[in-house]
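Structure record follows, encoded as structure tokens.
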Amino acid sequence: MTTNRNTPSKPRSCNEVACSNCDFSEIQDVILGVDDLSIVSKLLKRCQQMQKGEGLFRVSQPFYAAYAVKSGTFMSYRLLDDGEEQVLAFHLPGELIGLDAIKEKQYAYSARALEPGAVCELYFNDLAMLGEGYADAQDSLIRVMGGQINRAQRQSLLAARQAADERIAAFLLNLSDRLGRRDFCSTNLRLAMSRQQIASYLGVAVETVSRGLKRFQTLGLLKVSGKQIELLDRAGLENIARIYPATV
């Protein structure tokens, strides 16, 4: 089939990250530099569409691939003994899911889509097929994993905060900063996760999250409209979170 080069390209959705601004960008460049397209197709699956509630992988499943969020929001979680979900992290466009399973060779948690989105899938079992590019791919992975560790450490500060309002404010600032680093709007947040899921992640009651957001709105720090949250006073939120700018 002949492609019409004059056909306009599909517009990027408002939450679809550019490939150059994704954590996979460096290693993707290594893979796409391989002349053999059959090798590329075995290692990298780009823009795999995901439906709301669809799972990427399950806890204890053998590790075979890591995922980069192209669009949408994803959640990693574990099931507690009583069947309740314990939320471990929320994953935004440009961020990776599952790479931390590379050491133990199995996933330590489950992950699923919180809304319709897309992921790029990188298969690890066949990376040696890159030949001379294998060393470059390994170097890229080391840098990516280092960045993930740093972000995980910053996000772990959320759980260390004593007051619920501190955790909620720091959570919103964290989302804002992460979106801003990917060139998305950092003041208008659309939360794909439920209040219950936020509460699970922060280790507080769901009523505490709702009351905290209402209190922040009364103080003029933000505006809440369903899942839309507009940050109006970042300095005020930073004061509540007791952090200096850009430290969470």
| request: Answer yes or no as to whether Val119 is in contact (Cβ under 8 Å) with a residue 60 or more places away in the chain and of a type outside the set (S, T, N, Q). | output: yes
| field | Members of the range 199-216 that are under 19 Å from the mean Cα position of the chain (by Cα) and touching a residue at least 40 places away in the same chain (Cβ under 8 Å) | value | Ser200, Tyr201, Leu202
| query | In the range 26-55, how many residues are at pLDDT 85 or above, touching a Gly at 6+ places or on another chain (Cβ under 9 Å) and outside any loop (DSSP other than H, G, I, E, B)? | reply | 2
| remark: Selection over the range 79-106 where residues are more than 22 Å from Ala118 (Cα to Cα) and either among the acidic types (Asp, Glu) or touching a Leu at 6+ places or on another chain (Cβ under 7 Å) (or both) yields a count of 6
| note | Residues of the range 195-222 being over 24 Å from Gly72 (Cα atoms), among the small types (Gly, Ala, Ser) and part of a helix (DSSP H, G or I), in sequence order, are Gly212
| message | Test of understanding: among Leu130, Leu99, which residue is of a type in the set (A, V, I, L, M), in contact (Cβ under 8 Å) with a residue 24 or more places away in the chain and touching a strand residue (DSSP E or B) at 6+ places or on another chain (Cβ under 7 Å)? | response | Leu99
| said: Among (1) modelled with pLDDT of 80 or more; (2) under 17 Å from Pro93 (Cα atoms); (3) touching a strand residue (DSSP E or B) at 6+ places or on another chain (Cβ under 9 Å), there is one condition Ala18 misses while meeting the rest; what is its number? | reply: (3)
| task | Taking the residues in the range 78-96 that are in contact (Cβ under 8 Å) with a residue 40 or more places away in the chain and not in a loop (DSSP other than H, G, I, E, B) as candidates, determine which candidate is surrounded by the fewest Cβ atoms within 10 Å (Cβ to Cβ). | result | Gln86
| remark: For the range 223-245, the count of residues that are in contact with a Lys or Arg (Cβ under 7 Å, 6 or more places away or on another chain), over 14 Å from Ser194 (Cα atoms) and part of a loop (DSSP other than H, G, I, E, B) equals 1
| Quick one: is Glu84 more than 17 Å from the chain's Cα centre (by Cα) and modelled with pLDDT of 90 or more? | yes
| query | Only one residue in Leu157, Leu122 is under 19 Å from the mean Cα position of the chain (by Cα), at pLDDT below 90 and part of a strand (DSSP E or B). Which one? | reply | Leu122
| Any chance Ala192 is under 23 Å from Pro93 (Cα atoms) and in a helix (DSSP H, G or I) | no
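The values are calculated or read from the model by the stated rules, or taken from the named source; none is laboratory data. For clarity, every value in this text was computed on a predicted model and none was experimentally measured. Here the Cβ is made from the backbone with ideal geometry for all residues, glycine too, and neighbour counts use every protein chain on show.
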